[in-house]
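The values are calculated or read from the model by the stated rules, or taken from the named source; none is laboratory data. Fair warning: this is a prediction, and the values are worked out from it, not measured in the lab. Here the Cβ is made from the backbone with ideal geometry for all residues, glycine too, and neighbour counts use every protein chain on show.
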Amino acid sequence: MTVTPEAGALDALETICRRRGGRMTRQRRAVLGKLVEGKRPLSAYELRDLLRPEDPSVTPASVYRCLDFLVDHGLVHRLETTRSFIACDHPEHPHAVQFLICRQCGSVVEAEDKRTEAATERLGHRLGFALDQRTVELTGICGTCKTDPGKAGDGRAVPCA
Ligand SMILES: [Zn+2]
Ligand SMILES: [Zn+2]
């Protein structure tokens with residue numbers, strides 16, 4: 001069996017997970033694998049459809065349980081705007097994250113901007129909020145779609161509120 005880049009990436013993620021006290025089951029690894037391969041956000045139902053051919057026992061509920069675990073262990077982020085999930089770009093350390101989501105092609109950029117993080121923290125403090133979730137989701141049109149609207153992404157429209 002050849003080792004694909006995805007398998008190497010998954011092994012690294014499994015090590016991070018173990019260090020955080022989590023046990024990577026076969027199904028958790030399969031879900032994470034689809035997100036790493038996909039390189040784009042996927043909904044629980046899309047994940048179920050991708051996993052079904054390999055494992056007929058997969059249900060939306062079992063996918064959600066895997067996703068909860070992967071989010072809790074900092075390997076996957078949840079995107080509220082598009083109700084989907086994406087593999088973390090820098091899972092080695094816990095971080096507050098900002099997402100820039102393209103409304104046209106569905107591509108997502110994960111940023112880790114310290115100034116934005118500090119600003120949200122200050123905002124919470126000023127308004128008397130103890131923040132437990134610091135993710136910022138911004139929507140718009142990405143650079144590729146802006147310069148070349150005909151050729152952008154995979155053409156998936158993102159239903160943005
Ligand atoms: Zn991340
Ligand atoms: Zn785009």
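Tell me, which strands (runs of 3 or more DSSP E) wholly within the stretch 49-147 include 2 or more residues that are closer than 25 Å to Asp11 by Cα and without any contact (Cβ under 8 Å) to a residue 40 or more places away in the chain?
Passing ranges, in order: 108-111.
Conditions tested, residue by residue: (1) of a type in the set (Val, Ile, Thr); (2) buried (at least 17 other Cβ atoms within 10 Å of the Cβ); (3) within 25 Å of Gly140 (Cβ to Cβ).
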{"position": "Glu6", "(1), (2), (3)": "no, no, no"}
{"position": "Leu10", "(1), (2), (3)": "no, yes, no"}
{"position": "Thr15", "(1), (2), (3)": "yes, no, no"}
{"position": "Lys39", "(1), (2), (3)": "no, no, yes"}
{"position": "Asp68", "(1), (2), (3)": "no, no, no"}
{"position": "Leu79", "(1), (2), (3)": "no, yes, yes"}
{"position": "Ile86", "(1), (2), (3)": "yes, yes, yes"}
{"position": "Phe99", "(1), (2), (3)": "no, yes, yes"}
{"position": "Cys102", "(1), (2), (3)": "no, yes, yes"}
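Of all the residues that make up the stretch 49-61, how many are out of contact with any Lys or Arg (no Cβ under 6 Å at 6 or more places or on another chain) and either surrounded by 17 or more Cβ atoms within 10 Å (Cβ to Cβ) or assigned by TED's automatic domain parsing to the domain that holds Gln133 (or both)? Before you say what the answer is, go through the steps one by one.
Of the residues in the stretch 49-61, the ones out of contact with any Lys or Arg (no Cβ under 6 Å at 6 or more places or on another chain) are 49, 51-57, 59, 61.
Now drop any that are not either surrounded by 17 or more Cβ atoms within 10 Å (Cβ to Cβ) or assigned by TED's automatic domain parsing to the domain that holds Gln133 (or both), which leaves 51.
Number satisfying all stated conditions: 1.
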Practice task
Those residues that are within 12 Å of ligand 1 (Cβ to nearest atom), modelled with pLDDT of 95 or more and under 24 Å from Gly33 (Cβ atoms), I need them from the stretch 89-107; list them, please.
Solution key: Phe99
